[in-house]
Amino acid sequence: MYNLNKVDAKNLTDKEIESLYIFDQNNNNKYNFLNIYDNLDKFKNQFLSNFYNDDKELFLLKKDTSICGIICFTKTIDFNEKPENQLKILINENMNEDLISTINSFIKSKLNEHGEILLQTYNDELTELINKYNYKTKFKSNCYTLDRGDINVDMLTTWIHRFETKNKDLKMKYTTLISEEYIQQYCDLFTETMKDMPDNNEDAYESPIITQEKQRKINNNFRNNNMTHNCYMVFNSENQMIAKSNLRVTNTDARFPYQFMVGVKREYRNRGIGKWLYACMYKRLYENVQFEKVLVKHHPDNISAIKVSQSVGYKFKFSETHYLLTKDYK
């Protein structure tokens, strides 16, 4: 028999917090997640504290008295600043009819309350539940990690020399801030290359549009949260930005940098520029940051990007899919 109840995160006992933390650690092992909260204090101060505000709710799914799942509900906005009701479900129990029925009743209650929710799932474990609804897919990715010990610096150095020689008509610049000098070109290139991504084939996906004002907010967010935006930009002879790479490092906890959006203009593809960017990016990271693993997310159909990542040493960890659900049940 399963029961599902909302948690008052501010008033949990030490024993309840410890039980939740153990569940979190078990989930990391099950899903191959990064161990972000590697001690009890981090879990309490960085995870549970998120649920002190009204825009986030935490629910515990229990079988008798044992925790077998958590559900996080968040009112937020997406990249294009549209309101979004997110539901993240993590289960540490074999799926069965009673469990699916309990979760399904909860989802229906949230749909009746909000009309539409974005359900985040991992490793396709909720497929049977999802198929009960008329849904659209908004986001799909395979998540890979790169261990520090798997980086071959000699190979990266060889790549840098090879592709610098091959692309003598191009020049590369490194920055930790998208300055006013380059902000418009960066935004245009980001938006342009995102439109070429296979993510656009998902029926509810909306390609991110980045403006100068939005990038300035991102710059401020990096500063305010003590993050470094490692960005390599490639320019042609007319000083036009034709490629760029991005890598975020949280300086207060640099264990798990996040790589995002490497993009090359169409007319400059098949020249090894992606590998050139990767080589410069990871050689600098290796030499300057004491990290453990880097995370990147690729759409499963983005084969060329996946191959480059794997050639550097990335290994598959888990899949992630976001489904847009409405009250129109099947």
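Nothing in this text is a laboratory measurement; each read-out follows from the coordinates by a stated rule. These numbers were taken from a predicted model, which means no experiment stands behind them. Here the Cβ positions follow ideal geometry from the backbone for every residue, glycine too, while neighbour counts run over all protein chains shown.
For the reader, a short list of remarks on this structure follows.
- The Rg/Rh ratio for region 144-318 is 0.94, where Rg is the radius of gyration of the alpha carbons and Rh is the Kirkwood radius.
- Share of pairwise Cα separations in region 123-214, more than 23 Å, in percent: 58 percent
- Compared with the dominant principal axis of the Cα atoms in the chain, helix 153-166 is inclined by about 50°.
- Applying the Karplus relation 6.51 cos²θ - 1.76 cosθ + 1.60 with θ = phi - 60° to region 189-204 yields 3J(HN,Hα) values of 5, 4, 5, 4, 6, 5, 5, 8, 6, x, 3, 5, 7, 6, 6, 10 Hz, where x marks Gly and Pro.
- FRET efficiency for the D64 to K168 pair, using the beta carbon distance and R₀ = 51 Å, is estimated at 0.15.
- Percent antiparallel among DSSP beta bridges (both partners in the chain, rounded to 5): 95 percent
- Angle between the chain longest axis and helix 212-224 axis [Cα atoms, degrees, rounded to 10]: 70 degrees
- Dividing the convex hull volume of the alpha carbon atoms of region 1-153 by its residue count gives 152 Å³ per residue.
- For G69, the amide hydrogen comes within under 5 Å of the amide hydrogens of L61, N92, counting only partners 5 or more places away or on other chains and with H modelled in the peptide plane.
- Label reach from K15 (point 7 Å along Cα→C-beta): in region 64-95, amide nitrogens under 18 Å belong to 64-68.
- Difference of contour (0.36 nm per residue) and Cα-Cα distance, E180 to S207: 7.4 nm
- Extending 7 Å from Cα along the Cβ direction at K42 and again at Q86 yields two label points whose distance is 1.9 nm.
- Average Cα contact separation per residue, the chain, under 8 Å, 6 or more apart, as relative contact order %: 24 percent
- The phi torsions of region 106-123, fed into the Karplus equation with coefficients 6.51, -1.76 and 1.60 and a -60° offset, translate into couplings of 5, 4, 4, 5, 6, 5, 5, 7, 10, x, 7, 9, 9, 9, 9, 10, 9, 6 Hz, rounded to whole numbers, with Gly and Pro shown as x.
- Cβ-Cβ distance of N53 and E97, R₀ of 45 Å, FRET efficiency by 1/(1 + (r/R0)^6): the value works out to about 0.80.
- Sorted peptide list for 18-28, 174-184, criterion being average Cβ within 10 angstrom, highest first: 18-28, 174-184
- Under 19 Å from a label point set 7 Å out along the Cα-to-Cβ vector of D78, the amide N atoms of region 256-287 belong to 261.
- Between I22 and E292, the simple spin-label model (points 7 angstrom out along Cα→Cβ) gives 2.1 nm.
- Rg/Rh for the chain stands at 0.99; both radii use Cα atoms, and Rh follows the Kirkwood definition.
- Per-residue ellipticity at 222 nm, computed for the chain from helices alone with -39500 (n - 2.57) per DSSP H run of at least four residues, works out to -10000 deg cm²/dmol.
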